[in-house]
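See below for the structure under consideration.
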Amino acid sequence: MEKSIENIWRQEFKFNKELIPDSHDLQNQKSKDIFDRMTRSMKKNTAMLMIFALGFLVFVYFSEAPLVLGILIFLFFNSLALFNFNQIEKAEKINKTATSYEYLIKFRNQLNKLIGLNMRFNRFVYPICMLVASIILWFSYGREAIMEKLFLKFPDMVLINGIPVYFLIAVLILSVLLSVFSAKIYKWEVNLFFKNLIDELEEIIQQMEELKN
Amino acid sequence: MSKDFYKSYIYPHLGIIIKICRAYTNTQEDFEDYFQEVCLQIWRSKANFNEQSAWSTWVYRLTLNVCLTFTRKKKRNVTVIDNIEHNEIDDDYESAFTSESFRMLNEAIKKLSKLDRAIILLYLEEKSYKEIAEIIGLSSGNIGTRINRIKNRLKKILNGKIY
């Protein structure tokens, strides 16, 4: 007897349910997915740091700022990037054959460790960035014209090594403030780049804990 | 993926997800890859669902996108690894469908082009021409003609066993 394809499609669909991957597999898949996305995103950010360091070196080369400063910053940021790459690699070596829950917990610990280390580094990184930016600003084009204008307005301006003392005080205060608030700034930075992924990671871990109980 | 999410958002559409994934795969292993990726994408893109279309439409579109993307990737792999034939169908693969007629129909659908497969799958799921056009990204004008052509082709493949 002939049957229409429409009827067969609607009425005769019976599928061996054993062949459908269960939700546990999906859980594993989801864990691997978040793990991959996170490490990829971290690698991308670290690579951006290296590109920034290179760009900075090129910029210093063409500016009037001392080249040694550019080289030092280039080396400094690259060391930081290499350290981060190393930590990411360590995270990638986490045994994925363990249960999803176990390796996500290990990954979260590794991630927290990395964030903690960077937070400590940034206590120095931010003020250094501030100092470097100030030096660049000081050596940048038009410095002499600005100084002339300043002298006209404030003829009794105090200078230390030819640099206005207020400028030095402002740089110092800003550097100290950056150091004091480095943890908050870094947290904001992390949230900016990784908030969604961190939230997803926490959500999966929470769901897995719920399923376990 | 929480059980609640699976139950509420995936389970009601399990049938069509299976049908579409089976129509684009030839082995159980591929099917599992496609199926898991579809579920993953549904979970991942849930936040982007803007409720302008029905959830089922969203699921169809996502499932088709995943299947078409995976099929394209597989095809690329075949050209790279010449000696591996990905189009071979596992002997037991089709036996997952317990109805003989359904199995025959599914095998016939697999002989269609990727796009025709997508259109006929949506048509068989009783989607309107407008919805099919929206999901596939074609104009709704010629969907009807195309469906008739696909049905004739299926009839030919099935050699009159199904009309």
key: Criterion: over 20 Å from residue B:153 (Cβ atoms), at pLDDT 75 or above and buried (at least 19 other Cβ atoms within 10 Å of the Cβ) - qualifying residue of B:109, B:135, B:143   = B:135
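Go through the stretch A:24-76 and give me each residue that's within 14 Å of chain B (Cβ to nearest Cβ) and under 14 Å from the mean Cα position of the chain (by Cα). Give the steps one after another, and end with the answer.
Residues of the stretch A:24-76 within 14 Å of chain B (Cβ to nearest Cβ): A:24-38.
A:37, A:38 - these are the residues of the stretch A:24-76 that are within 14 Å of chain B (Cβ to nearest Cβ) and under 14 Å from the mean Cα position of the chain (by Cα).
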request  = Look at residue A:61 and say whether it is modelled with pLDDT of 75 or more, in contact with a Gly (Cβ under 8 Å, 6 or more places away or on another chain) and of a type in the set (Ser, Thr, Tyr).
outcome  = yes
ask   = Can you tell me which of A:82, A:75, A:19 is open to solvent by 40 Å² or more (accessible area, probe 1.4 Å), modelled with pLDDT under 85 and among the aliphatic types (A, V, I, L, M)?
value = A:19
Residues (farther than 18 Å from residue A:191 by Cα, assigned to a helix (DSSP H, G or I) and not aliphatic (A, V, I, L, M)) located in the stretch A:87-122 = A:87, A:89, A:90, A:92, A:100, A:101, A:102, A:103, A:106
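Condition first: touching a strand residue (DSSP E or B) at 6+ places or on another chain (Cβ under 9 Å) and assigned to a helix (DSSP H, G or I). Can you find one or more residues in the stretch B:26-41 that meet it?
Step one: list which residues in the stretch B:26-41 are touching a strand residue (DSSP E or B) at 6+ places or on another chain (Cβ under 9 Å), which gives none.
Checked against the condition, which is being touching a strand residue (DSSP E or B) at 6+ places or on another chain (Cβ under 9 Å) and assigned to a helix (DSSP H, G or I), the stretch B:26-41 yields no hits at all.
So, in the stretch A:152-169, how many residues would count as being out of contact with any strand residue (DSSP E or B) (no Cβ under 9 Å at 6 or more places or on another chain), surrounded by 12 or more Cβ atoms within 10 Å (Cβ to Cβ) and either closer than 16 Å to residue A:127 by Cα or in contact (Cβ under 8 Å) with a residue 24 or more places away in the chain (or both)? Let's see the steps before the verdict.
The initial filter retains those residues of the stretch A:152-169 that are out of contact with any strand residue (DSSP E or B) (no Cβ under 9 Å at 6 or more places or on another chain), namely A:152-153, A:155-156, A:159-164, A:166-167, A:169.
Going one step further and asking which of them are surrounded by 12 or more Cβ atoms within 10 Å (Cβ to Cβ), we end up with A:159, A:163-164, A:166-167.
Of the ones still in play, those that are also either closer than 16 Å to residue A:127 by Cα or in contact (Cβ under 8 Å) with a residue 24 or more places away in the chain (or both) are A:163, A:167.
The qualifying residues number 2.
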message = Please verify whether residue A:180 is open to solvent by 50 Å² or more (accessible area, probe 1.4 Å) and either charged (D, E, K, R) or over 30 Å from residue A:38 (Cβ atoms) (or both), treating the condition exactly as stated.
response = no
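So, in the stretch B:3-20, exactly how many residues are facing another protein chain (nearest Cβ under 10 Å) and surrounded by 18 or more Cβ atoms within 10 Å (Cβ to Cβ)? Talk me through it step by step, then tell me what you get.
Just the residues of the stretch B:3-20 that are facing another protein chain (nearest Cβ under 10 Å), to begin with: B:3-7, B:10-11, B:14-19.
If we keep only those that are surrounded by 18 or more Cβ atoms within 10 Å (Cβ to Cβ) as well, we get B:6, B:10, B:16-19.
Final tally of qualifying residues: 6.
The values are calculated or read from the model by the stated rules, or taken from the named source; none is laboratory data. Note that this is a predicted model, so its numbers are computed, not measured. In this analysis, Cβ positions are derived from the backbone assuming ideal geometry, glycine residues included, and neighbour counts consider all displayed protein chains. Heavy atoms of the whole protein, side chains included, go into the accessibility calculation; ligands, DNA and RNA do not. Shrake-Rupley method; radii C 1.70, N 1.55, O 1.52, S 1.80 Å.
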